[in-house]
Amino acid sequence: MRLLLLAPPGAGKGTQGERLAAWSGARHIAAGDLLRAEARAGGPLGREIAACQARGDLVPDQVVLDVLIPAVVEAAAAGGYILDGFPRTLPQAIAAAELGARLGVTLRAAVYLHAPEEVLTQRLLDRAGEGGRADDTAGVIRHRLRVYAETTGPLVPYYEERGILIAVDADQPPDSVTADIQAGLSGL
Ligand code: ADP
């Protein structure tokens, strides 16, 4: 299985990524988690990543590619990947497609999880209340949703044009979202 999850913050990329990995045997690669680990490791690069994440801005493409590509290559060799949060910009998508073509491990599907903005915001605020992430504050959430709409949203037509987009309503219980993704994959 080689799949990516394309979704705004709060849509359930992490939850669905884990479930799809368990179901398919492919490796779940969460871009945000890998970047947070890099941030915790410190150093100039770690500090740059931490600052971007704290503001809710995207980490620069080259940094993301340096961190993510080795993980994707390794997962592809080990039987597949579920990409969660990568690619998130057009240059990242182009770099990932070039790499996939070169290695013969191109994407099979891009799963687009969508939900109304109020639902996404409420979920993230609930997560913050449960002792979640430092970037789950009202102001940073608003900024992350805007960054998503401006920079990541354009990847929806990009994958649609390539005939691999599966759009799924994420404003449903997790089991229903997983079932819709599985149904979409079998129809692709
Ligand atoms: P969410 O989707 O809820 O924002 P993530 O854990 O996927 O959560 O991402 C958190 C942060 O990590 C983003 O706000 C951004 O700073 C950084 N990040 C994650 N993936 C990418 C990416 N592909 N490109 C640039 N920055 C990223």
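The values are calculated or read from the model by the stated rules, or taken from the named source; none is laboratory data. Note that the structure is predicted; figures quoted are calculated from it, not measured. We place every Cβ from the backbone using ideal geometry, glycine too, and count neighbours over all the protein chains shown. These accessible areas exclude ligands, DNA and RNA; they are computed on the full protein's heavy atoms, side chains included. Shrake-Rupley method; radii C 1.70, N 1.55, O 1.52, S 1.80 Å.
Is the stretch 102-116 home to any residue that is within 15 Å of the ligand (Cβ to nearest atom) and assigned to a helix (DSSP H, G or I)? Break it down into steps so the answer makes sense when it comes.
Residues of the stretch 102-116 that are within 15 Å of the ligand (Cβ to nearest atom), as a first pass: 107, 110-115.
Then drop every residue that is not assigned to a helix (DSSP H, G or I), which leaves none.
Taking every residue of the stretch 102-116 in turn, none turns out to be within 15 Å of the ligand (Cβ to nearest atom) and assigned to a helix (DSSP H, G or I).
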Exercise. Residues in the stretch 57-96 that are open to solvent by less than 30 Å² (accessible area, probe 1.4 Å), in a loop (DSSP other than H, G, I, E, B) and more than 11 Å from the ligand (Cβ to nearest atom): how many?
Worked result: 1
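Taking the criterion of being within 9 Å of the ligand (Cβ to nearest atom), part of a strand (DSSP E or B) and of a type in the set (A, V, I, L, M), would at least one residue in the stretch 45-52 satisfy it? Break it down stepwise before answering.
Taking the stretch 45-52 and keeping what is within 9 Å of the ligand (Cβ to nearest atom), we get 49, 52.
Okay, now just the ones that are also part of a strand (DSSP E or B), so none.
No, every residue in the stretch 45-52 fails to be within 9 Å of the ligand (Cβ to nearest atom), part of a strand (DSSP E or B) and of a type in the set (A, V, I, L, M).
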Seminar exercise, completed: Residue pairs within 6 Å by beta carbon, gap of at least six or interchain, first lying in the stretch 106-129 and at pLDDT below 95, second more than 13 Å from the ligand (Cβ to nearest atom) and in a helix (DSSP H, G or I), listed first then second, are 106/100
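Yes/no matrix, rows are residues, columns are (1) touching an Asp or Glu at 6+ places or on another chain (Cβ under 6 Å); (2) open to solvent by less than 50 Å² (accessible area, probe 1.4 Å); (3) more than 13 Å from the ligand (Cβ to nearest atom):
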position	(1), (2), (3)
125	no, no, no
130	no, no, yes
152	no, yes, no
176	no, yes, yes
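State yes or no: is residue 143 within 12 Å of the ligand (Cβ to nearest atom), surrounded by fewer than 19 Cβ atoms within 10 Å (Cβ to Cβ) and touching a residue at least 40 places away in the same chain (Cβ under 8 Å)?
Judged against the criteria, residue 143 is a match.
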Seminar exercise, completed: Taking the stretch 9-25 and the residues there that are touching a helix residue (DSSP H, G or I) at 6+ places or on another chain (Cβ under 8 Å), open to solvent by 10 Å² or more (accessible area, probe 1.4 Å) and not in a helix (DSSP H, G or I), the one that is farthest from the ligand (Cβ to nearest atom) would be 12
For this session: Please verify whether the stretch 155-173 includes one or more residues that are within 30 Å of residue 39 (Cα to Cα), surrounded by fewer than 16 Cβ atoms within 10 Å (Cβ to Cβ) and not β-branched (Val, Ile, Thr).
Result: no
Exercise. Under the condition of being of a type in the set (Lys, Arg) and either within 10 Å of the ligand (Cβ to nearest atom) or not in a helix (DSSP H, G or I) (or both), which residue from the stretch 26-44 is least open to solvent (accessible area, probe 1.4 Å)?
Worked result: 36
Problem set entry | Which numbered condition residue 49 misses (of (1) farther than 19 Å from residue 8 by Cβ; (2) aliphatic (A, V, I, L, M); (3) open to solvent by 40 Å² or more (accessible area, probe 1.4 Å)) | (3)
